[in-house]
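Engineer: Take a look at the following structure, please.
Every number in this text was worked out from the coordinates using simple rules, so none of it is lab data. The model shown is predicted, which means the values in this text are computed figures rather than measured ones. Cβ atoms come from the backbone with ideal geometry, glycine included; neighbour counts cover every protein chain shown.
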Amino acid sequence: MTGAIDNFPLPDMLEPDLNRVHAYWQGLKRGENDIPFEALLVEVFENPQRFRFDIVGEDVTKRYGKPISGKFSDEIDLSAPFGQFTSQCRATVERRIPTYHRQGASQRRDGYARLIMPLWGNGRIEMLLVAIAPASR
């Protein structure tokens with residue numbers, strides 16, 4: 001089985017588009033970890049436009065306080081770290097560019113920053129990659 005693992009090493013130079021994705025992935029790493037923590041993958045539905053949480057990282061689930069995988073954003077209470085989430089998703093799909101939202105720290109909760117990036121498929125934006133991080137103070 002180890003032979004198959006050795007068949008796919010990264011080259012010294014990636015194609016520019018793949019290099020950008022790899023650099024992003026590298027940037028998601030925290031501390032001394034070799035692999036980034038999970039973020040979110042959100043599926044985009046049309047007519048009516050809705051957003052379903054498909055893959056939700058464990059750290060995001062802990063921060064939110066309960067599981068949300070498989071649920072639509074209009075089916076849950078959009079509390080931290082999902083303030084203005086649906087509006088930001090709509091803006092990302094409409095503008096077809098990454099969008100950013102920051103919520104400052106309050107007495108009850110730490111602040112957070114959120115980046116939503118569109119992913120193209122089947123002639124439209126089908127998915128959104130969402131990354132959430134503690135907001136800088």
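Engineer: Between D74 and D17, how many nm apart are label points set 7 Å from Cα along the C-beta direction?
Structural biologist: Simple spin-label model gives 3.3 nm for this pair.
Engineer: So for the pair L28, L119, with labels modelled 7 Å out along Cα→Cβ, what separation do we get in nm?
Structural biologist: Computed distance between label sites L28 and L119 equals 0.8 nm.
Engineer: Taking Cα pairs under 8 Å and at least six residues apart, what relative contact order does the chain come out at, in percent? List each step's numbers first, then the result.
Structural biologist: Details: 204 pairs, mean separation 24.2, N = 137.
It comes to 18 percent, rounded to a whole number.
Engineer: Can I ask one more? Compute a Gaussian network model of the chain, connecting alpha carbons closer than 10 Å, and tell me which residue from M13, M117, M127 fluctuates the most.
Structural biologist: Result: M13 has the largest fluctuation of those listed.
Engineer: Helix 16-27 versus the longest principal axis of the chain: what is the Cα-based angle in degrees, 0 to 90, to the nearest 10?
Structural biologist: So the inclination is approximately 60 degrees.
Engineer: Per the Kirkwood treatment, what hydrodynamic radius in Å, one decimal, follows for segment 8-61 from the mean inverse distance over all distinct Cα pairs?
Structural biologist: Numbers: mean 1/r = 0.0731 Å⁻¹.
Here the Kirkwood hydrodynamic radius works out to 13.7 Å.
Engineer: Relative contact order of segment 52-125, please, whole-number percent, based on alpha carbon pairs below 8 angstrom and at least 6 residues apart. The partial results should precede the final answer.
Structural biologist: Details: 78 pairs, mean separation 15.1, N = 74.
Here the relative contact order equals 20 percent.
Engineer: Take peptides 48-54, 73-79 and line them up by average Cβ neighbours within 10 Å, highest first, as a rough protection proxy. Mind showing how you got there, number by number?
Structural biologist: Details: 48-54: 16.1, 73-79: 12.4.
Highest-to-lowest ranking by the protection proxy: 48-54, 73-79.
Engineer: Taking only DSSP H segments of four or more residues, each worth -39500 (n - 2.57), what value at 222 nm results for the chain once the sum is divided by all its residues, to the nearest 500 deg cm²/dmol? Walk me through the numbers before you get to the answer.
Structural biologist: Details: 4 runs with 34 residues, N = 137.
Rounded to the nearest 500, the figure is -7000 deg cm²/dmol.
Engineer: How big is Rg to Rh over the chain, alpha-carbon atoms, Rh as the Kirkwood inverse-mean-distance radius?
Structural biologist: Details: Rg = 16.7 Å, Rh = 16.6 Å.
Looking at the chain, the ratio lands at 1.01.
Engineer: Another question, if that's okay. What ³J(HN,Hα) values, in whole Hz, does the Karplus curve 6.51 cos²θ - 1.76 cosθ + 1.60 give for segment 84-93 when θ = phi - 60°, with x put for Gly and Pro?
Structural biologist: With coefficients 6.51, -1.76 and 1.60, one gets 6, 4, 4, 4, 5, 4, 4, 5, 4, 5 Hz.
Engineer: Right, something else. Straight-line reach only, C-alpha to C-alpha below 18 angstrom: list the aspartates and glutamates that K71 could link to, leaving out same-chain residues fewer than 8 apart.
Structural biologist: E38, E43, E46, D54, E58, D59, E126
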